[in-house]
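Q: What follows is a single structure, and I will ask about it in a moment.
Just so you know, all these numbers are worked out from the coordinates, no wet-lab data involved. Keep in mind the model is a prediction, meaning the values are calculated, not measured. When we count neighbours, we look across all protein chains shown, and the Cβ atoms used for this are built from the backbone with ideal geometry, even at glycine.
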Amino acid sequence: MARRRRVPPVVQRLRRLPNPRFTGLGAGLFATASMLFFAFLDTLLFDAEPVVYGVLFLPVSAVTALWVRPADLVTAPITVPIAFAVGALPITGGSGGFGGQVMGLVTTLAVHAGWLYGGTLVAGLIATVRKVREMGRRQLARDLAATRAATRAGAGPRGRAAGSGRTPAPRSGAGAARAVRRG
């Protein structure tokens, strides 16, 4: 009988937290709204300190990559830099109309590119790890389904007919086409 591993209390608490799944657009809106909120909060509390904004960008990037649904994982590293740029508008400090605001934004993005690259890297790494794990789960499910199908058909796990020691005859027609499509 297999013994169950004991799960640490910290992991149990983390599993109880909400686990939303955003679409690609929803993840982008979440990241943008969060960064705008943090930019206004930074302006009110820390007099628009860009380092505070950059530090807050890292967890927003991680959470965005964690909460996007598996089908839209590729959008996480794309939406977080856009959210950084949109959220940076309130802290740019540009003056002199539209041109001054644009120059302030470009300067802020250039000077604080390290935070931008760091958050994008965090989102990209998390999305990549999640994608690799998802691909592994799918492959495992395919392998288990193939093993079950072979067992039900009377063949062992190596594709031989039960007890005969010889390989079954190749399929032809529609059955072979389905087998090829399944992989």
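Q: How many nm separate the modelled label positions at ARG133 and ARG148, each set 7 Å beyond the Cα in the direction of the Cβ?
A: Between ARG133 and ARG148, the simple spin-label model gives 2.3 nm.
Q: Rounded to the nearest 0.05, what FRET efficiency do LEU58 and ARG3 have when you use their Cβ-Cβ distance and R0 = 35 Å?
A: With a Förster radius of 35 Å, E is 0.35.
Q: Just to verify a number: FRET efficiency for THR43 and ALA71, C-beta to C-beta distance, R0 = 30 Å, to 0.05? Show your work: numbers first, answer last.
A: Details: r = 36 Å, r/R0 = 1.20.
Approximately 0.25, to the nearest 0.05.
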